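Everything on this sheet refers to the single structure shown next.
The values are calculated or read from the model by the stated rules, or taken from the named source; none is laboratory data. Note that the coordinates shown come from a computational prediction; the quantities given were computed from them, not determined experimentally. Counting neighbours? That spans all protein chains shown, and the Cβs are built from the backbone with ideal geometry, glycine included. Areas reflect the complete protein model, heavy atoms only, side chains present, ligands, DNA and RNA absent. Shrake-Rupley method; radii C 1.70, N 1.55, O 1.52, S 1.80 Å.
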Amino acid sequence: MESRCYQKNWALIFAISAIVFCLFVIAPKAWASYGHDLNLSASNPMVVRGGAIGINKTIVKNISGKMGPTAMFSVAAGPNQGFKSAYVPALFESGEPTEVFTVNADLDADSRHSITGLSSGGEAASNGLWVSASASALDNTLISTEYDGGLFLGMMGYDYRINKRLLLGAALGYESTDIDTRFNNGTVQSNAFTVSPYAAFQICDYLSIDVILSYSFLDYDTVRPTFLGQATGGYDADRYMVSSNLNYYYLTGNWNFNARFGYMYTKEDADGFTESNGNRVQSEDTKIGEFQIGGKVGYFINKFELFVGAYYIYDSTMTKTRVLAGQRRPSNDKSEVEAIAGINLFANDTVNLGAEVSTSMGRDDVDNTSVLINISFSF
């Protein structure tokens with residue numbers, strides 16, 4: 001089936017293009033600048049990055065499940081009757097029957113034409129409900145900034161398909177971190193609550209764009225040893241995140257290709273506070289902006305999709321980690337490669353489950369490995 005771009009509703013397309021232009025060009029004036037705050041607290045850029053990326057990745061995965069190729073299941077007529085599975089590309093505007101790609105070798109031509117279910121005429125379920133959980137291991141091996149610990153993120157969301165092309169949704173999340181700051185033999189713990197509205201728009205048959213906003217309120221607790229015992233402290237922080245992604249989907253046979261180009265900008269404002277021993281810690285801001293480009297390749301096997309992928313990440317903005325005089329300085333390098341592998345299970349027409357593992361490579365002294373599990377319902 002020939003892929004076609006939509007020729008109407010140019011005002012909406014122009015509005016979305018303007019939003020993306022602002023995200024990429026106007027809004028983050030600090031793209032070319034770097035801060036020099038002393039980041040020896042939970043606002044270390046890599047910790048802030050872990051939280052923001054977790055939120056962004058979780059919502060992007062859900063959107064991809066709605067806008068990308070998916071499975072449909074039906075009873076096929078003909079000599080090989082039974083519960084058959086097929087896969088449909090992300091088409092919502094065309095009034096013609098959807099081209100399906102079957103994975104059942106025994107499904108004959110007559111049965112293929114009799115499959116019913118999703119079509120490109122906009123019969124996709126309007127409502128979506130999803131839940132996800134992720135856990136990340138954060139590690140820094142540089143002696144002057146050394147830390148290790150974990151980050152947990154749980155999210156749930158609801159979205160609604162306004163029409164054949166526009167999807168609107170919102171998500172709520174809870175985030176918890178527990179970090180051992182080995183450079184000072186201390187600990188940092190945090191709890192956060194997040195609200196995140198999002199939208200996705202189908203530009204062409206295989207091309208979509210999304211915009212994600214989020215606000216998180218964080219509560220931090222710190223402990224570090226002193227000569228006379230230990231010093232404790234606590235402070236609040238506000239984190240803001242905005243991202244936009246351009247997605248391309250291509251389905252051929254049982255192979256599913258997805259390419260993505262996006263940008264994410266996050267800023268965390270941490271309040272100043274006084275430790276229990278009277279030491280005053282100044283407020284600090286952490287800014288991170290990063291481009292992402294890459295993709296993944298999936299292969300459908302019956303009700304399963306196995307996939308692998310990789311993304312190149314480049315920091316256009318990053319608040320540098322600074323250390324005390326005489327200590328070894330971190331490289332504050334600006335790029336990494338994230339590798340992912342996972343599986344999706346299309347249980348039936350309404351329930352999808354997924355799991356993936358990702359790990360970052362290429363940054364000096366720091367590592368981030370995470371596991372993400374999600375389940376979504378369409379109705």
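Any idea how many residues of the range 298-315 are open to solvent by less than 50 Å² (accessible area, probe 1.4 Å), more than 16 Å from LYS61 (Cβ to Cβ) and not acidic (Asp, Glu)?
Residues in the range 298-315 being open to solvent by less than 50 Å² (accessible area, probe 1.4 Å), more than 16 Å from LYS61 (Cβ to Cβ) and not acidic (Asp, Glu): 2 in total.
Please specify each residue of the range 250-271 satisfying the condition of being under 20 Å from the mean Cα position of the chain (by Cα) and open to solvent by less than 20 Å² (accessible area, probe 1.4 Å).
Those that are under 20 Å from the mean Cα position of the chain (by Cα) and open to solvent by less than 20 Å² (accessible area, probe 1.4 Å): ASN256, ASN258, GLY262, TYR263, MET264, THR266, GLU268.
Restricting attention to the range 227-249, which residues are aliphatic (A, V, I, L, M) and either open to solvent by less than 30 Å² (accessible area, probe 1.4 Å) or out of contact with any Phe, Trp or Tyr (no Cβ under 9 Å at 6 or more places or on another chain) (or both)?
LEU228, ALA231, ALA237, MET241
Quick check on TYR215: is it open to solvent by 50 Å² or more (accessible area, probe 1.4 Å), closer than 21 Å to GLU284 by Cα and among the hydroxyl-bearing types (Ser, Thr, Tyr)?
yes
Check off (1) without any contact (Cβ under 8 Å) to a residue 60 or more places away in the chain; (2) more than 17 Å from PHE261 (Cα to Cα) for VAL337 and give me the number that stays unchecked.
For VAL337, the exception is condition (2).
In the list ARG165, ARG224, ARG182, ARG161, which residue meets the criterion of being modelled with pLDDT under 90, closer than 28 Å to ARG260 by Cα, among the basic types (Lys, Arg) and surrounded by 15 or more Cβ atoms within 10 Å (Cβ to Cβ)? Walk me through how you get there before you give the answer.
Values: ARG224 fails: closer than 28 Å to ARG260 by Cα; ARG182 fails: closer than 28 Å to ARG260 by Cα; ARG161 fails: modelled with pLDDT under 90.
When all the criteria are applied, what remains is ARG165.
How many of the residues in the range 236-254 are assigned to a strand (DSSP E or B), over 16 Å from MET67 (Cα atoms) and not basic (Lys, Arg)?
8
Determine if the range 321-337 includes at least one residue that is in contact with a Phe, Trp or Tyr (Cβ under 9 Å, 6 or more places away or on another chain), open to solvent by less than 40 Å² (accessible area, probe 1.4 Å) and either aliphatic (A, V, I, L, M) or at positive phi (or both).
Yes - at least one qualifying residue is present in the range 321-337.
What number of residues within the range 344-355 are assigned to a strand (DSSP E or B) and open to solvent by 60 Å² or more (accessible area, probe 1.4 Å)? If you could, list the steps in order and put the result at the bottom.
Narrowing the range 344-355 to residues assigned to a strand (DSSP E or B): 344-346, 351-355.
Those left that are additionally open to solvent by 60 Å² or more (accessible area, probe 1.4 Å): 353.
Residues in the range 344-355 being assigned to a strand (DSSP E or B) and open to solvent by 60 Å² or more (accessible area, probe 1.4 Å): 1 in total.
Would you check if ILE162 is free of Cβ contacts under 8 Å to residues at least 24 places away in the same chain and β-branched (Val, Ile, Thr)?
Answer is yes for this residue.
Select from the range 356-377 the residues that are assigned to a strand (DSSP E or B) and not hydrophobic (A, V, I, L, M, F, W, C) and list them in ascending order.
So the first thing to find is which residues in the range 356-377 are assigned to a strand (DSSP E or B), and the list is 356-361, 366-377.
GLU356, SER358, THR359, SER360, ASP367, ASN368, THR369, SER370, ASN374, SER376 - these are the residues of the range 356-377 that are assigned to a strand (DSSP E or B) and not hydrophobic (A, V, I, L, M, F, W, C).
Results for (1) among the small types (Gly, Ala, Ser); (2) under 20 Å from THR181 (Cβ atoms), shown as yes or no for each residue.
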residue: SER276; (1), (2): yes, yes
residue: ILE288; (1), (2): no, yes
residue: GLY295; (1), (2): yes, no
residue: ALA310; (1), (2): yes, no
residue: ASP349; (1), (2): no, no
residue: LEU372; (1), (2): no, no
residue: PHE379; (1), (2): no, no
